[in-house]
Amino acid sequence: MEAKAIAKGLRVSPIRARLVSDMIRGKSVQEALTILNNVNNKSARLTKKVLDFTCLEQNYLARFITGYG
């Protein structure tokens, strides 16, 4: 399943955020989390927060749609 998440108002330069997002684009969630845990900069921490929230939201929606929650 694909999901799209947008984080607005973050105080990080677009170039640095793009470098991190290019590293994880097209990867599975587990691979992306592993990469983000090993990268040591602010944009990686913020991207990891957005990815975690998106995963939680998708799990909630999947349970809501199937009726298991």
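The values are calculated or read from the model by the stated rules, or taken from the named source; none is laboratory data. On a predicted model such as this, the values are computed, not experimentally measured, just so you know. All Cβ positions, even for glycine, are placed from backbone atoms using ideal geometry, and neighbour counts span all protein chains on display. Heavy atoms of the whole protein, side chains included, go into the accessibility calculation; ligands, DNA and RNA do not. Shrake-Rupley method; radii C 1.70, N 1.55, O 1.52, S 1.80 Å.
Structure above, values below:
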{"item": "The chain - charge dipole about Cα centre, Lys and Arg +1 at Cβ, Asp and Glu -1, debye rounded to 20", "result": "360 debye"}
{"item": "Net +/- balance of residues flanking N38 in space, Cβ distance below 14 Å, scoring K and R +1, D and E -1", "result": "+2"}
{"item": "Label selected from (i) 11.9, 34; (ii) 14.3, 48; (iii) 13.3, 42, the criterion being Rg and Dmax of the Cα atoms in Å as computed here", "result": "(iii)"}
{"item": "Whole-Hz couplings from phi, Karplus 6.51/-1.76/1.60, listed for the range 44-51; x for Gly and Pro", "result": "5, 5, 5, 5, 5, 4, 5, 5"}
{"item": "Surface share of carbon and sulfur [accessible, 1.4 angstrom probe, percent] for the chain", "result": "56 percent"}
{"item": "Cα-based Lys proximity count in the range 1-57, under 16 Å, for pairs eight or more positions apart or on separate chains", "result": "7"}
{"item": "Mean accessible surface per residue for the range 1-58, computed with a 1.4 Å probe while every protein chain stays in place, in Å²", "result": "81 Å²"}
